[in-house]
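The values are calculated or read from the model by the stated rules, or taken from the named source; none is laboratory data. Fair warning: this is a prediction, and the values are worked out from it, not measured in the lab. Cβ coordinates were reconstructed from backbone atoms using ideal geometry, including for glycine residues, and neighbour counts include every protein chain displayed. Heads up: the accessible areas ignore ligands, DNA and RNA and are worked out on the full protein's heavy atoms, side chains in. Shrake-Rupley method; radii C 1.70, N 1.55, O 1.52, S 1.80 Å.
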Amino acid sequence: MSAEIVTALYEGREKRELYLLVAVTLFGNLFAQILQAILGRSAERALEELHDREAAQFYRKTLSLDYDKMENPDIRHLRRKVRENAQINNYGVENMRYTVLNVMSGGVNLAFSLIILVEMISLMTTIPMRFTGLLLIMAMIGFGALTVVLNFRSNRKSSANWDKIGDIMLKENKLARGYSTDGMDNRIYRQQHFITRLYDKFNKDHLRAFSEASQKDFTLKIPVTLMSTLSEACTYLIVCLYCTMGAFPVGSVIKYIGYLGRIMSNVVNLFFHVGSFRGNERFLEAYLEYFVIRNDMYQGSLAVEKRSDKRFDIEFKNVSFKYAGSDTYAVKNVSLNLKVGERLAVVGMNGSGKTTFIKLLCRLYDPTEGEILMNDFNIRKYDYHQYLDIFSVVFQDIHLLAMPLGNNVTSSDTWDTEKAERLLEEVGFGERYGEMPQKLETPLYKNFDEDGVNVSGGEAQKIALARALYRDAPFIILDEPTAALDPIAEAEIYSKFDGIVGDKTAIYISHRLSSCRFCDKIAVFDKGEIVQLGTHEELLADEKGKYHELWHAQAQYYT
């Protein structure tokens, strides 16, 4: 339209026609802007929804993995790498999405530019070809081709240079995770200068790499800019030459120069984004590598019988287990029978294999050697989720959700208010519960609600105990959940809790021995093996045994 207006002015057309052209241009632009705003808003919303769904799918994949893969260091590193690549330079899915949009946009622009180019060439053919014109066209094509080739090569080299910065930033993130500058140890022992020195080193490496990448980018772009400028100059000369020869009106100079320049920039951009696809490949490969991780834990198909008598007898038969990447057995040659309604205490020093024993029992891991039987069937044969349902476990590493208290106690959207309140009272949370303004509707923590209530570590453990009891599973397991309490308070809770458990089968794990005196039998772990098995009195009578050693080391707390 700008070309038409200039031509109309040059030819001295009537004002009415000029006003009409201007009106069409203004209202056309207005309509285009409105349409762009509407479509742009819809596109942004759709892209945001796509981003949210992709993120949700990533976390669904994480939550669906076998537990042993969740703790596998290689898989944890891969998951962190995918997330940090996306955060640092938008590599991976985000980069692909951005590149696809630009390729689509560039393709549409190139198509319209080529239509105008065909129109210009058809007009140029009405004038006899001159040697100067032919030379300029060949020069324009040659310089344009060189621009594309040089730009493609420079983008590929530039991408490699900037990847180095991404690798350095990954190291910086690892440092930030590993050394929290606000840690109490750092303050007491004045370790800030060590951490600062490491930060300074990485910052210098980052700055050096950034400067080198910028300098190389600048050097690489010089020949590209030169060839592009020469190609653009040939474009101007060709259009002006044929305009003076009468091939097209003077206003068309604006149109053809603009569109010819756009052809070149669109071709360059298309090659740039195709190069981006190549540079982004290794990040997409890491992303897809995470999504194609397959669960190999056998899910089983045998239904777990719903028994009113809670008769689920467990037997460990020569069970051994190694963690991924380790040559050392975490648990070795463990054989043990556990009858319905029994109380078993599992004791030992830190790292003796107690928690691994429980993870094997709950089928978070499968044994490396040996087998675990329930009612004479290998637990691998039972439906995996039905098998998990017979256990209520309170681990030492407790995680409560930033949701209402009722959701945390019941692990459900709905709850039995009377039952939940009774259990909170029984585990010793009653006084704190009485202070909560919204009772079971009270949100925990302030992550999503300013009215949220923060609970201490000990209070969180009591909520977790209530959660385990609310599930009403045949097996209840306490894996050092009272580690934050003093030994006397721990002994009181264990004793009280044992009365609440009733006819359920209970397993108490602790490196302290407050849970042992009321248990039917005690398994003493040492270096992954059961070194002693018996009642409190039997084990205490063996003065050379590990239990005797542990008991007398802690006796001051219990006598």
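Is it fair to say Leu26 is assigned to a helix (DSSP H, G or I) and open to solvent by less than 60 Å² (accessible area, probe 1.4 Å)?
No; evaluated as a whole, the condition is false for this residue.
Check Gly528 against each of (1) surrounded by 16 or more Cβ atoms within 10 Å (Cβ to Cβ); (2) out of contact with any His (no Cβ under 7 Å at 6 or more places or on another chain); (3) over 26 Å from Met403 (Cα atoms); (4) at pLDDT below 85 and name the one condition it does not meet.
If we test Gly528 against (1) surrounded by 16 or more Cβ atoms within 10 Å (Cβ to Cβ); (2) out of contact with any His (no Cβ under 7 Å at 6 or more places or on another chain); (3) over 26 Å from Met403 (Cα atoms); (4) at pLDDT below 85, just (4) comes out false.
Please verify whether Leu270 is within 37 Å of the chain's Cα centre (by Cα) and either not aromatic (Phe, Trp, Tyr) or not in a strand (DSSP E or B) (or both), treating the condition exactly as stated.
Yes.
From the list Tyr242, Tyr290, Tyr236, which one is assigned to a helix (DSSP H, G or I) and at pLDDT 85 or above?
It is Tyr290.
Can you tell me how many residues within the stretch 338-397 are farther than 20 Å from Arg311 by Cβ, basic (Lys, Arg) and more than 32 Å from the chain's Cα centre (by Cα)?
Looking only at that region, the number is 0.
What pairs come up if the first residue lies in the stretch 5-19 and is under 13 Å from Gly251 (Cα atoms), the second is open to solvent by 70 Å² or more (accessible area, probe 1.4 Å) and in a helix (DSSP H, G or I), and their beta carbons are under 9 Å apart, counting only those six or more places apart or on different chains?
Filtered contacts from the stretch 5-19: Val6/Ile254; Ala8/Glu17.
Which one is modelled with the lowest pLDDT, of the residues in the stretch 118-148 that are surrounded by 13 or more Cβ atoms within 10 Å (Cβ to Cβ) and farther than 16 Å from Leu241 by Cβ?
Val148
Yes or no: the stretch 512-524 includes at least one residue that is surrounded by 22 or more Cβ atoms within 10 Å (Cβ to Cβ), small (Gly, Ala, Ser), modelled with pLDDT under 85 and within 30 Å of Ser335 (Cα to Cα).
Scanning the stretch 512-524, I find at least one residue that is surrounded by 22 or more Cβ atoms within 10 Å (Cβ to Cβ), small (Gly, Ala, Ser), modelled with pLDDT under 85 and within 30 Å of Ser335 (Cα to Cα), so the answer is yes.
Looking only at the stretch 336-374, which residues are in a strand (DSSP E or B), open to solvent by less than 60 Å² (accessible area, probe 1.4 Å) and over 18 Å from Phe391 (Cβ atoms)? Write out each step before concluding.
At the first step, the residues of the stretch 336-374 found to be in a strand (DSSP E or B) are 336-338, 343-348, 369-374.
Filter once more, so that each one left must be open to solvent by less than 60 Å² (accessible area, probe 1.4 Å): 336, 338, 343-348, 370, 372-374.
Across the stretch 336-374, the qualifying residues are Val347, Gly348, Gly370.
Among the residues that make up the stretch 300-322, is at least one of them of a type in the set (Gly, Ala, Ser), under 36 Å from the mean Cα position of the chain (by Cα), surrounded by fewer than 14 Cβ atoms within 10 Å (Cβ to Cβ) and not in a helix (DSSP H, G or I)?
Yes: the stretch 300-322 contains one or more residues that are of a type in the set (Gly, Ala, Ser), under 36 Å from the mean Cα position of the chain (by Cα), surrounded by fewer than 14 Cβ atoms within 10 Å (Cβ to Cβ) and not in a helix (DSSP H, G or I).
Which members of the stretch 506-537 meet the condition of being under 15 Å from Leu344 (Cβ atoms) and among the basic types (Lys, Arg)?
Answer for the stretch 506-537, where residues must be under 15 Å from Leu344 (Cβ atoms) and among the basic types (Lys, Arg): Arg517, Lys521.
Restricting attention to the stretch 15-23, does a residue exist that is in a loop (DSSP other than H, G, I, E, B) and surrounded by 14 or more Cβ atoms within 10 Å (Cβ to Cβ)? Reasoning before the result, please.
Start the filter on the stretch 15-23 by keeping residues that are in a loop (DSSP other than H, G, I, E, B), which leaves none.
Within the stretch 15-23 (the criterion being in a loop (DSSP other than H, G, I, E, B) and surrounded by 14 or more Cβ atoms within 10 Å (Cβ to Cβ)), the answer is no, since none of the residues qualifies.
Please find, within the stretch 71-94, the residue that is nearest to Tyr59 (Cα to Cα) out of those that are open to solvent by less than 30 Å² (accessible area, probe 1.4 Å) and assigned to a helix (DSSP H, G or I).
For the stretch 71-94, the residue satisfying everything is Val82.
I'm trying to understand the selection: among the residues of the stretch 401-415, which are in contact (Cβ under 8 Å) with a residue 24 or more places away in the chain and either of a type in the set (Gly, Ala, Ser) or open to solvent by 30 Å² or more (accessible area, probe 1.4 Å) (or both)?
Leu401, Ala402, Met403, Pro404, Gly406, Ser411, Trp415
Within the stretch 311-335, how many residues are out of contact with any strand residue (DSSP E or B) (no Cβ under 7 Å at 6 or more places or on another chain), farther than 16 Å from Ile379 by Cα and not polar (S, T, N, Q)?
3
Read through the list (1) under 25 Å from Gln299 (Cβ atoms); (2) polar (S, T, N, Q); (3) open to solvent by 10 Å² or more (accessible area, probe 1.4 Å), then give the number of the only condition that Thr328 fails.
The number of the failed condition is (1).
Output the qualifying pairs, or none if there are none: Cβ atoms under 9 angstrom, residues six or more apart or on different chains, first residue in the stretch 26-54 and at pLDDT 90 or above, second residue outside any helix (DSSP H, G or I).
From residues that are at pLDDT 90 or above, the pairs are Gly28/Met1; Asn29/Met1.
Among the residues of the stretch 294-327, how many are under 20 Å from Met70 (Cα atoms) and without any contact (Cβ under 8 Å) to a residue 24 or more places away in the chain?
The total comes to 3.
Exactly one of these conditions fails for Ala464: (1) surrounded by 18 or more Cβ atoms within 10 Å (Cβ to Cβ); (2) closer than 30 Å to Val304 by Cβ; (3) modelled with pLDDT under 85; (4) within 33 Å of the chain's Cα centre (by Cα). Give me its number.
(3)
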